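As structure tokens, the structure follows; a few thoughts come after it.
The values are calculated or read from the model by the stated rules, or taken from the named source; none is laboratory data. The shown structure was predicted, so the numbers you read here are calculated from the model rather than taken from an experiment. FYI the Cβ positions are ideal-geometry reconstructions off the backbone, even for glycines, and counts take in every protein chain you see. In case anyone asks, the SASA skips ligands and DNA or RNA and just uses the protein heavy atoms, side chains included. Shrake-Rupley method; radii C 1.70, N 1.55, O 1.52, S 1.80 Å.
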Amino acid sequence: MDLRHINELQQVIERLTEFTSRVKEKSGDATLRQEAQGQLDVLGQLPGVLRYFFIDEEKDSCLARSPDAEIVRKPIHSDKEFSCTPIFIVGNRRSGTTLLSYLLNAADGLSAVPEAFVAGEIVAMDRLFTTGHRAMKLLNEPFTHFLLRMGRLVDAIYSEYAASKGKRRWASKELFIPHKLDLLDAIFDYRAQFIYAVRHGFSVAHSCASRFPMRDGLPLNGGTSLDVETYLNEWVSNNESTMDFYERNTDRCFLVRYEEFTRDPLSTGKKLFEFLHEPWTDELVNKKLGKQQLHGMGDNKIFATGGKVLAAEEPWRKWPKALLSTLGRKANPTLQRLGYDTEG
């Protein structure tokens, strides 16, 4: 329906309202006056119905927000809403995320929370946000307030844990939500900082294939019966999504390549802590890294070396050329995007 037809409908409603008002005023029949009032009540609602369906296009006022919020990605709430600036460690599993958690937790003011994945579980629950929309309608609040409520819930849990350890700021490792990072960012009002851990895809595939089948069973539902290919496909998908997020938020993201970090942990660690606006000392790596046990966050290499950071191993370099060629066709675009040489 175009604007001309909408204006004509509005004029018809106005004329009907005027006519019905005269009937009510001049009629001597009480029943007719009562019926006229009923019609006036209905006519009074019609302009709102007309606007809702044909002008506002059935937009929900509780969902109304400018797309600039997620395009510009600037905070809209007070910086007092959260206990601190949140830190999230993201990336594919077996990419050094646990090692980074230990490094952050070694600092006096930072606490790496256990792998409860509370924030990740919340943003992955699509039905929760559908229900939240309905709740906001009952409260007549914009949906952005519901997002804020979810962020404050996570912050309350994590900040209480950090305080129990005598720390003022928390960091959470969230691995399994690469496609939900924008929502995670939104519930924290675009204030969080993200540490993005990356590692060569072949190294990740080898590490996963060496570790997870013994614990979880063979990955038979991965679309291929070749384990390293299954884990490589996961690596490609997760890093493509995470890299998209990283490129849109470079001012609040810090990329750590596992190979560079293990080769020179002091230099990489110092740059990372500068990004986080946290004080750095070489003792975090040299003395404190291995003298801690994070709940639910074991790392066999950290335990075996007593916290000594060893240069990354790359056993895949001895793989058959045919296998490297097969896997390279799948991984090369992502490898190149992450700053690695292509293979195969």
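Counting just the residues of region 136-145 that are farther than 20 Å from Ala119 by Cα and open to solvent by less than 70 Å² (accessible area, probe 1.4 Å), which one comes out modelled with the highest pLDDT? Let's see the steps before the verdict.
Residues of region 136-145 farther than 20 Å from Ala119 by Cα: 136-142.
Cutting the leftovers down to open to solvent by less than 70 Å² (accessible area, probe 1.4 Å) gives us 136, 141-142.
Numbers: Met136: 78, Glu141: 79, Pro142: 83.
Taking the candidates together, the pick is Pro142.
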Check Asp299 against each of (1) surrounded by 13 or more Cβ atoms within 10 Å (Cβ to Cβ); (2) modelled with pLDDT of 80 or more; (3) among the acidic types (Asp, Glu) and name the one condition it does not meet. (2)
Of these, Ser66, Ser95, which one is under 30 Å from Ser207 (Cβ atoms) and either modelled with pLDDT under 65 or of a type in the set (Ser, Thr, Tyr) (or both)? Ser95
Condition test on Leu100, is it open to solvent by 20 Å² or more (accessible area, probe 1.4 Å) and over 15 Å from the mean Cα position of the chain (by Cα)? no
Please name all residue pairs, on different chains or six or more residues apart, with Cβ atoms under 7 Å, provided the first residue is in region 95-110 and is under 15 Å from Val285 (Cβ atoms) and the second residue is open to solvent by less than 10 Å² (accessible area, probe 1.4 Å) and of a type in the set (S, T, N, Q). Asn105/Ser111
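Only one residue in Thr230, Thr268, Thr242, Thr224 is of a type in the set (S, T, N, Q) and outside any helix (DSSP H, G or I). Which one? Steps first, please.
Details: Thr230 fails: outside any helix (DSSP H, G or I); Thr268 fails: outside any helix (DSSP H, G or I); Thr242 fails: outside any helix (DSSP H, G or I).
Result: Thr224 is the single residue among Thr230, Thr268, Thr242, Thr224 that is of a type in the set (S, T, N, Q) and outside any helix (DSSP H, G or I).
Between Asp182, Asp227, Asp189, which is open to solvent by 30 Å² or more (accessible area, probe 1.4 Å), acidic (Asp, Glu) and closer than 30 Å to Glu278 by Cα? I'd like the intermediate steps shown before the answer.
Details: Asp227 fails: closer than 30 Å to Glu278 by Cα; Asp189 fails: open to solvent by 30 Å² or more (accessible area, probe 1.4 Å).
On inspection, the qualifying residue turns out to be Asp182.
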